[in-house]
Structures are given as C-alpha cells and as structure tokens.
Amino acid sequence: APLRQGLVVVQFALATLLVSGAALLGNQMANLLRQDLGFVSSALLIARLSLPEVLDEAAHRRVLATYDELLAGARALPGVRSAAITNEVPMGQLNTSMEVVAGGDPSRLRDAVQASWRIVSSDYLKTLSANLLSGRDFQANDENPHSIMLSQALAQRLWPGGEDPIARQVTVGNGQTYTVTGIVADVRQLRLAEPPTPTMYFPTAWYVWPTMTLTLRSAGDPLALVAPLQSLATRLLPNNPLFEVQALQSLI
C-alpha cells in the first residue's frame with residue numbers, strides 16, 4: 001500500500017509537470033504568433049516553378065517574358081488581388097546572404113554588413129502587404145538591373161548617421177554597385193523567434209533562379225485559388241508543372 005501510494009504521488013507530480021509544460025509551451029507559441037512579421041501572412045498562396053536556367057541575356061529575356069505571361073494570367077483570375085514572383089518567400093526553405101557596404105568602392109567590402117537578399121518582381125511588396133517606407137518599388141517596366149531596395153534595418157546600419165539612402169550607391173559582395181530606389185519595412189525572413197534580418201531586394205531584371213516562387217494574394221481562402229492557378233499553369237506551361245503549392249501561412 002505505501003508503494004502504491006508513492007506511485008500515485010509520482011504519477012500526479014508527473015501529470016502536473018506535463019500540464020504546466022504544455023501551458024508554458026502554449027504561451028510561448030502564442031507570443032511568437034503575435035510577433036510583427038512585417039507582412040500580412042494570411043490569404044497568401046505560394047507555388048514553385050522551375051524554368052530553364054538563365055545562361056545568357058537572351059535566355060533571361062525569354063524567362064522573364066514567360067513569368068510576365070503567367071503573372072498576367074494569375075492576376076486576371078477571380079479572387080486574386082495581386083501576384084508576384086521571388087526566389088524565396090519569408091519563412092521559406094532557403095536563405096541567401098551576401099556582404100554589402102555603402103558607397104561605390106569595392107575595397108571597402110572588408111567592413112561590410114552581411115545581409116540576406118531576395119530577387120523580387122514588381123508588386124512583390126504589394127502582394128505581401130509589406131510597407132515601402134520611402135522611395136519607390138520596382139516597376140513592371142523597370143529594366144535597370146542595378147536598382148536595389150534595402151530593408152530599414154540594413155539602411156540604418158549602412159548609414160548610421162541617418163542620411164537619406166535613396167539614390168545613394170551600395171556595393172555588394174560580388175563587387176557590383178547598385179543604386180538604392182526604395183526602403184522597405186523590416187520583414188522576418190527566417191524564423192518567428194529571431195529579429196528581422198537586414199535584407200536587400202534585387203529586381204528580376206538582375207537575375208532569376210531556375211526555380212522561383214509564385215506568390216498570390218487572395219481576396220478570400222488562398223487554397224480556393226489552387227485549382228484555377230494549376231489550370232492556368234498547365235495551359236501556359238504544360239511541360240513545367242507547379243509544385244509545393246500551399247498557403248504561406250502553413251510555413252509559419
């Protein structure tokens with residue numbers, strides 16, 4: 001009997017510990033989900049698409065024309081508010097980073113800041129509902145591959161004195177120089193529990209990866225767009241099916 005009573009006490013203590021741990025974990029999760037992401041994660045559908053690798057300027061133009069046609073069709077679908085492409089969405093599988101320094105002198109890269117970078121089309125900020133703080137977003141007819149947008153945190157690190165970054169130059173790790181056209185509010189690119197990473201945004205006129213991510217903002221349930229988007233892609237690109245089609249919220 002004393003042994004049985006002791007076991008009951010131990011079981012009760014363990015059960016209490018488990019319940020307390022679950023409550024603590026639940027509170028931590030709730031706190032994470034209340035973090036400001038820097039964009040609106042609801043009503044977003046993402047789909048990945050692989051096209052031939054860009055090996056020269058002619059191939060680059062062909063791939064951009066294909067994406068333009070697909071985006072035009074996607075924006076015309078009922079229930080789509082906006083659409084864009086990027087090499088990786090926030091909370092996605094990959095992170096890309098590179099050194100960057102203020103000014104046009106590559107020799108100063110030894111003092112550079114390490115920043116994440118994303119390739120984005122026009123309407124990307126609109127589609128994410130991310131805030132453009134100053135300057136301008138990339139335009140549909142923006143053919144200048146040496147334009148760049150910076151996150152607010154990155155701009156503050158590059159110009160800690162508070163100078164206006166718009167129209168100033170930055171040099172990135174590959175030694176190329178770019179002109180700042182816009183400053184974007186900070187976005188949590190990687191994880192909920194981490195602060196937003198300093199980020200650079202390059203236009204698709206600069207380069208596109210063989211695999212890019214189509215991003216759509218829906219007027220309602222984003223999963224309702226899966227079938228019409230798949231139908232559109234099958235009609236336009238029968239040999240290049242969409243894959244990993246999902247609501248962006250599921251990544252979070």
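The values are calculated or read from the model by the stated rules, or taken from the named source; none is laboratory data. Note that the structure is predicted; figures quoted are calculated from it, not measured. Positions of Cβ are backbone-derived with ideal geometry, glycine not excepted, and every protein chain shown enters the neighbour counts. Just so you know, the surface numbers come from the protein's heavy atoms only, side chains and all, with ligands and any DNA or RNA stripped out. Shrake-Rupley method; radii C 1.70, N 1.55, O 1.52, S 1.80 Å.
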Relative to the chain, whose Cα atoms define the longest principal axis, helix 2-33 and its Cα axis are tilted in degrees, nearest 10, by 20
Given the candidates ALA59, TYR201, SER231, the one whose Cα lies deepest towards the positive end of the charge dipole of the chain, counting +1 at each Lys or Arg C-beta and -1 at each Asp or Glu C-beta, is SER231
Taking Cα atoms, the helix 57-75 axis meets the longest principal axis of the chain at an angle in degrees (rounded to 10) of 60
Which of (i) 65, 19, 16; (ii) 28, 25, 18; (iii) 39, 27, 16 gives semi-axes √(5λ) of the Cα gyration tensor in Å as computed here? It is (iii)
Tilt, helix 226-236 to longest principal axis of the chain (alpha-carbon atoms), in degrees rounded to tens, equals 30
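Let's see if you can work this out: charge +1 on each Lys and Arg Cβ, -1 on each Asp and Glu Cβ, no other charges. What is the dipole magnitude of the chain about its Cα centre, in debye to the nearest 20?
I would put it at about 700 debye.
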In debye to the nearest 20, the charge dipole size for the stretch 139-192, taken about the Cα centre with +1 at each Lys and Arg Cβ and -1 at each Asp and Glu Cβ, equals 280
Contour minus Cα-Cα span, LEU251 to VAL113, at 0.36 nm per residue, comes to 46.9 nm
A chain fully extended from ARG136 to THR177 at 0.36 nm per residue, minus the present Cα-Cα distance, gains in nm 12.9 nm
Residue separation between GLU163 and ASN95 times 0.36 nm, minus their alpha-carbon distance, gives in nm 21.6 nm
Rounded to the nearest 5, the percent of DSSP beta bridges in the chain running antiparallel is 75
Taking every DSSP bridge whose two residues both lie in the stretch 132-252, the antiparallel percent to the nearest 5 is 60
Answer in debye to the nearest 20: the dipole magnitude of the stretch 112-252 about its Cα centre, from +1 Lys/Arg and -1 Asp/Glu charges placed on Cβ, is 120
Whole-Å distance linking the alpha carbon centroid of the stretch 70-142 with that of the stretch 218-248 is 21
Highest mean packing first, using Cβ neighbours within 10 angstrom, the peptides 45-56, 79-90, 231-242, 124-135 sort as 79-90, 124-135, 45-56, 231-242
The local net charge around ALA233, scoring Lys/Arg +1 and Asp/Glu -1 for residues other than ALA233 whose Cβ lies under 12 Å from its Cβ, equals +1
With every protein chain in place, the accessible area of TRP209 for a 1.4 Å probe, in Å² rounded to the nearest 10, comes to 60
The chain: relative contact order from alpha carbon pairs under 8 Å, six or more residues apart, as a whole percent, is 32
